[in-house]
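The values are calculated or read from the model by the stated rules, or taken from the named source; none is laboratory data. Everything numeric here is computed off the predicted structure, so don't read it as measured data. With ideal geometry, Cβ positions are generated from the backbone for all residues, glycine too; neighbour counts draw on all protein chains shown. These area figures cover heavy atoms from the full protein model, side chains too; ligands, DNA and RNA do not enter into them. Shrake-Rupley method; radii C 1.70, N 1.55, O 1.52, S 1.80 Å.
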Amino acid sequence: MAQAPPNSSLPFFGARFSLYPMSDRHIPVILTAIDGIRDSGLEVETDDVSTFIGGDRNAIWSTLEGVFAKAARTGEHVVMTALVSHGCPGETYCEPDPLTGTARAPIEHAGRGVPASAQWSLYPLGSAGYMDVIYDEIDRTKRAGVFSGGAHFVSKLEGDACTVLEGIRRAFDDACGRTSHVVAHLTLSANSPTRKGRSPS
């Protein structure tokens, strides 16, 4: 991995995620969910806590959705947390951020029809008007029809996994166009016993 060239305008983009199946079958659920991600063309680093993926922006969002959808389709109660970062000044250079027009990977939506609940938080860093950015992007999720309410430190979203993650991505990408360093934290849940009798919004 090469260091970013001096004064480069090409920001770093990547995500770090962890998957938690609430099942004594957690090992096969996790291994099946992450199977094949090393063939995606992304940089992949896995340890005993989480998995990092870096590279093409489309491929990263598709991978997050695919991993979660595979785990959720087992029928087990699963939770996935992800930290997504754009433009971190302390990171090494991998590939040009696809917001500059270099996204080549096809966008795949494995999460269609997979009911999910989510909580997410957006952090536009280094921006004096950061709260305006946050409020605007919360409104974007409302217009997308996935916003289900606010809570301490998070916005709650509901829908299928595809629609929820697409709502988060559109808000995140818009924030990236307004702020040089943006971080988002999201938690996705599927098949929770507390969702019985509820339908996705």
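Within the range 173-201, count every residue that is at pLDDT below 90, open to solvent by less than 70 Å² (accessible area, probe 1.4 Å) and among the charged types (D, E, K, R).
Within the range 173-201, residues that are at pLDDT below 90, open to solvent by less than 70 Å² (accessible area, probe 1.4 Å) and among the charged types (D, E, K, R) number 1.
Any idea which residue in the range 76-99 is modelled with the lowest pLDDT, counting only those that are touching a strand residue (DSSP E or B) at 6+ places or on another chain (Cβ under 6 Å) and open to solvent by less than 20 Å² (accessible area, probe 1.4 Å)?
Selected residue: ASP97.
Give the range 49-75 a look and list any residue that's open to solvent by 10 Å² or more (accessible area, probe 1.4 Å) and at positive phi, or say none.
GLY75
Given the condition of a type outside the set (A, V, I, L, M), in a strand (DSSP E or B), over 15 Å from THR187 (Cβ atoms) and open to solvent by less than 70 Å² (accessible area, probe 1.4 Å), answer yes or no: does some residue in the range 133-140 qualify?
no
Has the range 159-166 got at least one residue that is assigned to a strand (DSSP E or B) and either modelled with pLDDT of 90 or more or open to solvent by 30 Å² or more (accessible area, probe 1.4 Å) (or both)?
Looking through the range 159-166, at least one residue is assigned to a strand (DSSP E or B) and either modelled with pLDDT of 90 or more or open to solvent by 30 Å² or more (accessible area, probe 1.4 Å) (or both).
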